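The values are calculated or read from the model by the stated rules, or taken from the named source; none is laboratory data. What you are looking at is a predicted structure, and each value in this text was computed from that prediction instead of being measured. Cβ sites come from the backbone with ideal geometry, for glycine too, and all protein chains shown count toward neighbours. Just the protein is used for accessible areas: all its heavy atoms, side chains included, with ligands, DNA and RNA removed. Shrake-Rupley method; radii C 1.70, N 1.55, O 1.52, S 1.80 Å.
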Amino acid sequence: MAARINKKRSFLFVSKVLGKHIPVNPYTPLLSGAALGLLLYQELGGAGADGELLDKLLDQAVHGLIHPEHAEEAYHDLLGAQLVLPQPVRFIGFAETATALGHSMYNMFAAGASYIHTTREDIPELVSVISFEEEHSHAVDHLCYALKPELLSGDEPIVLVDDEITTGNTAINTIRDIQSKFPRKEYVVASLLDWRSSANIQAYRDLEQELGIRIRSLSLLQGNIEVKGTPHLSPVEAKGYEESAAVVPVATTYVQDGLERLMVSSSDSYGVINPSPYLKLSGRFGLESKDNEKIDEAVALAAAKLRELREGPRTLVLGVGEFMYLPMRIAAEMGEGVFYQSSTRSPIHPERRADYGVHSAAAHPSAGDPGITNYIYNVDPRQYDDIFVLLERDVPRGRVEPMTDILKRLAGNKVHLIVLAAESGNGGLSG
């Protein structure tokens, strides 16, 4: 556990299987999403399900999550089962923390699934099809830019994916908004952790009665928590390294992934427009099962290039904010000794002791929006030879330098700033 710097909720469960606040084997967070997919398949009664096979896969998933050295084998075995749900299902992952978790849960199925994740990015050219508030969060507005209205407008079950359910209020708010615009009969709330109290669980039952729907809940771990007291904390330090730490070079590389771009821009909290296009198949704009092969090919293409750039046996691949899934997949194919995590906008108090979840913290303005502070947790100087930062789209050089200034004091050999691009090339970021 760790202490949030947040008056609305003072605690955080620091997940060892999510790939957000702690560097992990990249197959571990991929497996956590696939394991949730397996639970969904079991819950919905997958057609012709082989009970013996299902039990074997569940055992493998649990073993792989507990023992990271077996996560890769378990993950590939789960995907190799080529499971198809008995009916089409729509998955929605919550930004920013569960964007990759929702994607990896959706990706578990060989056909008949679609996925979109919410976002907090303002895209002026698009209109959000749903929006809601996450009451406990420091950043409350969720948007959802579905390019195809039919992604949500049918009567298929919707699976809401989050890393942790504490009260269930976020899911309730989301279901209310979806039901008012795209009514259906069934929802599933899936999470790594489920800490709802009996009163919170009853709130789901009350909502079912009110709206005439069914809500199922799935989690890898369920229990009860009780929180007492109020932490007295100092702010996160702006720098998580000593000024005397050695400074290593930063290399910027544009890496071709072969994926289509969406020609829309973003507007930051200062109203500044970035015209650089977005990845169309990131998950932010909607995906269908038929898109998975293109993503697999893009991952293999980018990972092959990054393998060539590695200069040491221990490598960290860093996703940025909501952009988690593709960096995670690429990291998984970069070879042995590769760890993965993502920067986050969640402010957490660091303290270096064995029973605490966040030992170090480094804060910097977000490269996508300098009005938002992002944090890199649990990375010590020279812990990794190379640090690869993967960006979804181009950003002005001055906006990415605060992040790279931190990382070049943490890496042992070099920081690689990787910008995914439709075409390969080299050179500096835009001025």
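Some observations on this one:
- For the pair I201 and E293, the difference between a 0.36 nm per residue extended length and the Cα-Cα distance amounts to 29.3 nm.
- Average accessible surface area per residue within the range 12-78, 1.4 Å rolling probe, Å²: 41 Å²
- In a simple Cβ point-charge model (Lys, Arg +1; Asp, Glu -1; nothing else charged), the range 99-190 has a dipole of about 340 debye relative to its Cα centre.
- C-alpha long axis of helix 27-43 to longest principal axis of the chain, angle in °: 10 degrees
- Under 25 Å of direct C-alpha separation, and excluding same-chain neighbours fewer than eight residues apart, K181 reaches these lysines: K148, K280.
- Reported label for calculated Rg/Rh (Cα atoms, Kirkwood Rh) given (i) 0.94; (ii) 1.01; (iii) 1.10: (i)
- Here the spin labels are modelled as points 7 Å beyond Cα on the Cα-Cβ line, and at A111 and H67 they lie 3.5 nm apart.
- The C-alpha atoms of the chain define a longest principal axis, and helix 169-181 lies at about 70 degrees to it.
- Per residue, the range 351-431 exposes 37 Å² of solvent-accessible protein surface, assessed with a 1.4 angstrom probe and all protein chains in place.
- Compared with the dominant principal axis of the Cα atoms in the chain, helix 292-309 is inclined by about 20°.
- Area of M108 that stays accessible when all protein chains are in place (1.4 Å probe, Å², to 10): 0 Å²
- Taking every DSSP helix (H) stretch of at least 4 residues in the chain, weighting each as -39,500 (n - 2.57) and dividing the sum by the residue count yields a mean residue ellipticity at 222 nm of -8500 deg cm²/dmol.
- Largest accessible area first, the listed residues H349, H67, H103 line up as H67, H349, H103 when surface is computed with a 1.4 Å probe on the assembled protein chains.
- Whole-number percent relative contact order across the chain, with pairs defined as alpha carbons under 8 Å at least 6 apart: 19 percent
- Between the range 158-203 and the range 251-305, the C-alpha centres lie 29 angstrom from each other.
- Charged neighbours of E186, selected by a Cβ distance under 13 Å, balance to +1 (K, R count +1; D, E count -1).
- Normalised per residue, the accessible area of the range 93-192 is 30 Å², obtained with a 1.4 Å probe and no contribution from ligands, DNA or RNA.
- Accessible surface of the range 328-431 [probe 1.4 Å, protein heavy atoms]: carbon and sulfur percent: 44 percent
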